[in-house]
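A.B. asks: My questions will all concern the structure given below.
Bear in mind that the values in this text are calculations on the coordinates, not laboratory data. A quick note: this is a predicted structure, and the numbers were derived from the prediction, not measured. Neighbour counts run over all protein chains shown; Cβ positions are idealised from the backbone, glycine included.
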Ligand SMILES: [Fe+2]
Ligand SMILES: [Fe+2]
């Protein structure tokens, strides 16, 4: 099975378990034997990456969940959307205003990608960090597009089922059109294009700059041509409104905000926190998701959207090598849908990094289920914040009625 290793844990002679991709192309194929030169070049290109390496010891012992397809779908969607986002940013920077023709071309790509995602359903959304990007906005917009579409599809399916139940109709067509969500997710931050110099500013923003940032939802909506679906503009205008009414620009409470904007509020916060910026280093998705769900910041997000989102992104990917508080190492082999912070793991390596006996390493256990199974860190990120009271909080089943109310408040 694959094991995810940081670059400083990788040694020459190890073999890649999956294709190693950068933004647009394959750097090395699966099965490639890593050399000293590869390690040096990766350290330069993607210093924080974790790389999927074949682990022959665990291969012989464990039946693991294969998420290769999840990675493929995620990468392909985000790559195409990054191209579109990059083209739009360049045009806007060159002073070209977006006209109906630009937007029609963009909507065509959006529709193709929605189709692709629909016909290639994924178990989980993975946003891997082995790719280096030209531009933060490109990476961010394509991530928000992908995550929002997965959340939107899930909610759409719940609503369709609830409508069918209520109407006694066998099949309800088009319960919810998520096209405006997809377009808005891709374009949500175009109002930041004129302000993109702020992303590379290391010092804190001045009050004047902050005020400009607070206006980016309005500025972005105004940059779109008149002909665009008015709902797209509405979503972009309110993608920073918080559920408790503390957001900007209008401090609207959740029930006054379009459901699609509430989805982007969640995917945007997550995507922004897990990507590097000049002024702020990326935080690990597990820490970010835990904070969004269980800390006071959760008041910013629609609780049902948040729950759907937490069912789609996994804190720890398959193959994650977790350092336990016992000093031993556990490897994630399967997800736990109800308790995402408690995936199924095997304790594969001892305190010295040597393989445990097959009798120990071959037993699948639940992370957090006993005092010797508490995670300390992963890939150099401190995970102790996950050890608070709500660490093992369970995500209860979603009630389709919640979704229905959410869509028609
Ligand atoms: Fe934004
Ligand atoms: Fe954003």
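A.B. asks: How many nm separate the modelled label positions at residue 277 and residue 226, each set 7 Å beyond the Cα in the direction of the Cβ?
C.D. replies: With each label point 7 Å from Cα toward Cβ, the separation is 3.5 nm.
A.B. asks: Relative to a virtual label point 7 Å from the Cα of residue 63 in the Cα→beta-carbon direction, which members of region 359-382 show backbone nitrogen distances below 13 Å?
C.D. replies: 364
A.B. asks: Is the shape of region 1-54 best called rounded, prolate or oblate, per the rule: a/c under 1.5 gives rounded, else a/b larger than b/c gives prolate, else oblate, with a ≥ b ≥ c the square roots of the Cα gyration tensor eigenvalues?
C.D. replies: Rounded.
A.B. asks: Once both labels are modelled 7 Å past Cα along the beta-carbon direction, what's the residue 115-residue 72 spacing in nm?
C.D. replies: 1.9 nm
A.B. asks: Spin-label point model (7 Å from Cα, Cβ direction): what's the residue 170 to residue 326 distance in nm?
C.D. replies: For residue 170 paired with residue 326, the spin-label model returns 5.5 nm.
A.B. asks: Still on this structure, please answer the following. Measure nothing but the geometry: give the 0 to 90° angle between the long axis through the Cα atoms of 68-93 and the longest principal axis through the Cα atoms of the chain, rounded to 10°.
C.D. replies: Roughly 40 degrees between the two axes.
A.B. asks: Something else: When 187, 4 are ordered from fewest to most other Cβ atoms inside 10 Å of their Cβ, what list results?
C.D. replies: Ranked by crowding around the Cβ, least crowded first: 4, 187.
A.B. asks: Something else about it: Taking R0 as 60 Å, what FRET efficiency do you get between residue 337 and residue 37 from their Cβ-Cβ distance, rounded to the nearest 0.05?
C.D. replies: 0.90
A.B. asks: Roughly how large, in nm² to one decimal, is the mean projection of the convex hull of the alpha-carbon atoms in region 290-357?
C.D. replies: Hull-based average projected area comes out at 5.3 nm².
A.B. asks: Using a/c under 1.5 as the rounded threshold, could you call region 13-119 rounded, prolate or oblate? The axes a ≥ b ≥ c are square roots of the C-alpha gyration tensor eigenvalues, and prolate needs a/b larger than b/c, oblate otherwise.
C.D. replies: In terms of gyration-tensor shape, oblate.
A.B. asks: Normalised by the residues of the chain, what does the relative contact order come to in percent, with Cα pairs under 8 Å and at least six apart?
C.D. replies: Worked out over the chain, it gives 15 percent.
A.B. asks: Give me the extension gain from residue 83 to residue 369: residue separation times 0.36 nm, minus the current Cα-Cα distance, reported in nm with one decimal.
C.D. replies: Once the chain is fully extended between residue 83 and residue 369, it gains 98.6 nm.
A.B. asks: Please give the length that would be gained between residue 250 and residue 357 if that part of the chain were fully extended, namely 0.36 nm times their separation in residues minus their C-alpha to C-alpha distance (nm, one decimal).
C.D. replies: 32.6 nm
A.B. asks: Quick check: Cα centre of region 9-79 to Cα centre of region 178-251, how many Å?
C.D. replies: Cα centroid to Cα centroid, the span is 35 Å.
A.B. asks: Right, next: Contact order normalised by length for region 1-54, with contacts defined as Cα pairs under 8 Å and 6 or more residues apart; what percent is it?
C.D. replies: About 53 percent, as a whole number.
A.B. asks: By count of other Cβ within 10 Å, fewest leading, how are 378, 197, 71, 294 ordered?
C.D. replies: 197, 294, 71, 378
A.B. asks: Based solely on C-alpha atoms, express the radius of gyration and the Dmax of the chain in angstrom.
C.D. replies: 21.8, 66
A.B. asks: Could you state the angle between the C-alpha long axis of helix 36-45 and the longest principal axis of the C-alpha atoms of the chain, as a value from 0 to 90 degrees rounded to the nearest 10?
C.D. replies: So the helix axis and the longest Cα principal axis differ by about 30 degrees.
A.B. asks: Specify the angular offset, from 0 to 90 degrees and rounded to the nearest 10, of the alpha carbon long axis of helix 259-274 from the longest principal axis of the alpha carbons in the chain.
C.D. replies: 40 degrees
A.B. asks: May I ask you to order 260-272, 351-363, 332-344, 312-324 by the average number of other C-beta atoms within 10 Å around their residues, highest value first?
C.D. replies: Per-residue Cβ counts within 10 Å, averaged per peptide and sorted highest first, yield 260-272, 312-324, 332-344, 351-363.
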